[in-house]
Amino acid sequence: MNDASIDTTLQALAAFPAQLAAHYAAVPAGFARWAPPSWDGVPSERFTALEQVLHVRDIEIDGYHVRFRRTLHEPRPVLADIDSYALAAERGYAGDDDVQGALVEFRVARTHTIELLSALHPDDWARPAEFEGYGPVTVRGLMHYLCSHDQQHLAGLQWLLGQIAAAHPRPL
């Protein structure tokens with residue numbers, strides 16, 4: 001594989017689990033479930049820091065693993081867009097306290113994603129699908145959307161840190 005955008009994106013995808021864990025670790029003690037008075041301007045879903053981690057884990061496994069597998073093995077599948085808030089309610093994010101378990105599960109899932117993508121034949125990158133809410137997509141496009149999703153959630157955690165700092169200006 002000698003395509004710079006593929007190589008660069010795979011490197012970013014591989015680095016993300018450590019970045020997610022570091023960003024989450026930067027959240028002050030007692031603020032894992034803290035929500036701001038307004039979500040105006042949030043660059044990700046309106047999730048607390050803990051919920052951001054749970055969401056990223058679930059979208060990797062139930063979203064992108066399924067999307068990649070279907071696109072690689074079915075002719076032009078229609079890939080479902082997942083309602084993040086319905087998934088959070090269904091999975092009970094509000095009562096889940098196992099962030100370390102979620103981070104480990106995510107790391108394992110992302111390793112699986114990287115292994116899958118790294119083993120693709122050059123023709124596989126162009127396999128087409130229809131992604132609800134996005135339109136036509138290829139395996140390569142899905143990889144870029146996944147990387148974009150990662151960055152949205154790092155931005156969401158940084159945004160939450162900014163909101164915490166504004167609400168609690170003294171060091172915590």
Exercise for review: First select every other residue whose beta carbon is under 14 angstrom from the beta carbon of PHE68; then total the charges, Lys and Arg +1, Asp and Glu -1.
Suggested key: +1
Check your understanding: By average Cβ neighbour count within 10 Å, what is the ranking of 132-140, 105-113 from highest down?
Key -> 105-113, 132-140
Revision key, fill the gap. Mean separation of Cα contacts under 8 Å (at least 6 apart) over the residue count of the chain, i.e. the relative contact order in percent, is 36 percent
Review point. Summing Lys, Arg as +1 and Asp, Glu as -1, what charge do residues with Cβ under 12 Å from the Cβ of VAL56 carry, VAL56 excluded?
Key: -4
Revision key, fill the gap. Along the range 102-112, Karplus-curve 3J(HN,Hα) (6.51, -1.76, 1.60; θ = phi - 60°) to the nearest Hz, with x for Gly and Pro, reads 5, 5, 5, 4, 5, 4, 5, 4, 5, 4, 4
Check your understanding: For PHE131, which sequence-distant residues (separation of 5 or more, or a different chain) have an amide H within less than 5 Å of its own amide H, given hydrogens modelled in the peptide plane?
Key -> LEU79, VAL137
Review point. Mean projection of the alpha-carbon convex hull of the range 22-172 over all orientations, in nm²?
Key: 9.4 nm²
Review point. How much net charge surrounds TYR85 when only other residues with a Cβ under 13 Å from its Cβ are counted (Lys, Arg +1; Asp, Glu -1)?
Key: -4
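Each value in this text was obtained by applying a stated rule to the coordinates, not by laboratory testing. All of these numbers come straight from a predicted model, not from anything done at the bench. As a convention, Cβ positions derive from the backbone with ideal geometry for all residues, glycine included, and neighbour counts pool all protein chains shown.
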